[in-house]
Every structure is written in structure tokens, then in C-alpha cells.
Amino acid sequence: MNDLSPYGHHLTERLALRAVTLDDLEVLHALHADPAVWEHFPSGRHETVERTRADVERFVAGWEANGLGYWTAWRRDTGDFVGVGGVSVRLGVAWNVYYRLSPAQQGQGFAREVASAAVAAGQVVRPDLPVTAFLLEHNGASRAVAEKSGLQVVWRGPDVGNPDPAAVRLVLADRPVETETLTTLVTHA
């Protein structure tokens with residue numbers, strides 16, 4: 001557990017959310033290496049544990065820098081691993097919501113539960129930053145989660161850095177986003 005924030009260990013109705021630590025490497029690598037969780041962005045799949053380790057180290061640093069970050073999510077009733085999610089500060093101008101769930105745990109409303117907790121925490125910890133979500137337009141399930149968490153589409157356009165040149169990116173946010181902030185967000189891969 002992370003001592004830097006009251007959000008380091010957070011309970012929702014059905015989930016125990018715990019700040020990501022290096023102890024989570026194995027379970028997070030198994031999740032991020034699973035092709036089933038990358039249906040909408042196959043090139044994002046982690047092929048090596050080193051790739052996952054770099055992400056986990058970045059997640060831990062996010063907690064240290066911002067007092068909030070990504071959690072591992074565990075079912076309160078069974079203790080089963082559900083996935084990972086939370087918020088991180090993106091390019092210094094916005095919170096970005098992230099959620100990735102184990103295929104066995106999808107379709108039960110857990111992504112909405114994690115995302116809603118993340119949006120609410122971001123709004124408290126740094127209310128000056130908009131809370132955003134970046135998703136590919138064809139990922140309807142992810143868009144539904146973001147919208148059920150209180151975010152609305154504020155931008156639609158090309159997905160910079162995506163190997164698929166036809167990919168369309170959506171930016172959703174909890175409020176109107178200034179043009180300068182949006183430009184910063186969507187022009188950096």
C-alpha cells in the first residue's frame with residue numbers, strides 16, 4: 001500500500017483498489033500479455049516482462065509524484081484479481097483515466113466501478129486538471145465505461161502514433177477542455 005495518499009487503498013462497492021507496487025509485476029504482466037485484452041489495440045500487447053516492469057515503475061512514480069495513480073483491483077467477495085485502472089497526469093495538463101480488466105472479469109460493471117472511482121479521486125486530488133479518457137472510436141465498450149463515469153466526448157480525430165493510419169481517437173472529459181490543452185493532449189503519442 002502507498003502511504004502518500006488516502007487513495008492508496010480505496011474500497012468501492014465490490015472492489016478493493018490498491019496502489020500499484022512492484023509486487024504486482026507478475027499479475028500485471030499476465031494481464032498485459034494476454035491478447036484478449038488488446039482486441040482493439042493489438043500492438044499495445046506486452047511481449048516481455050521488461051515492458052511491463054517499465055510500466056509498473058512509471059505507475060509507482062506517478063503515485064509518488066501526484067499522490068494518485070493506478071490501482072490493482074481485487075474482488076472484495078472472492079479476492080480474485082480483476083485488473084488495473086486509475087488515473088495518471090498526462091503531459092502535465094490533464095488526468096487520464098485507464099482501465100484494463102481480466103477477460104474473466106469483464107462484463108460485470110467492474111470497469112465502470114474502477115473508472116468512476118478514478119474520476120472522483122482525480123477531481124479531488126487535483127481539481128484544476130480535467131479528467132480525460134483517450135480511446136479508440138471503435139472500442140464501444142470502453143466508451144460506454146467512460147460515459148457512465150461522467151465523461152463526454154470533447155474531441156475526435158486521428159490517433160497520433162497508432163500503427164493503423166485509419167485509427168480514430170476520441171477524447172472524453174469531465175468538463176470542457178481548453179483548445180491549448182486539447183492540442184497538447186492529441187498531438188503527443
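The values are calculated or read from the model by the stated rules, or taken from the named source; none is laboratory data. Only a predicted model underlies this, so the values are computations on that prediction, with no experimental measurement involved. Don't worry about glycine lacking a Cβ; one is built from the backbone with ideal geometry, like all the others, and counts go over all protein chains shown. To get the accessible areas, we keep the full protein, side chains included, count just its heavy atoms, and leave off ligands, DNA and RNA. Shrake-Rupley method; radii C 1.70, N 1.55, O 1.52, S 1.80 Å.
With the largest listed first and rounded to whole Å, the semi-axes of the equivalent ellipsoid of region 71-178 from the Cα gyration tensor are 23, 18, 11.
With r defined as the distance between the Cβ atoms of ALA144 and THR179 and R0 fixed at 30 Å, what FRET efficiency is calculated, to the nearest 0.05? The computed FRET efficiency comes out at 0.65. For the chain, with all protein chains in place and a probe radius of 1.4 Å, 51% of the accessible heavy-atom surface sits on carbon or sulfur. Note on the chain: Rg/Rh from C-alpha atoms, Kirkwood Rh, equals 0.93. Lys/Arg Cβ at +1, Asp/Glu Cβ at -1, dipole of region 71-127 taken about the Cα centre: which of GLY92, VAL82, GLN123 is farthest positive-ward? Highest projection toward the positive end goes to GLY92.
Counting only DSSP beta bridges with both residues in the chain, the antiparallel share comes to about 95 percent. In the context of the full set of protein chains, the chain has a per residue accessible area of 49 Å² (1.4 Å probe). The chymotrypsin sites (Phe, Trp or Tyr not before Pro) of region 64-125 include none that meets both conditions, a loop assignment by DSSP and at most 14 other Cβ atoms within 10 Å of the site Cβ.
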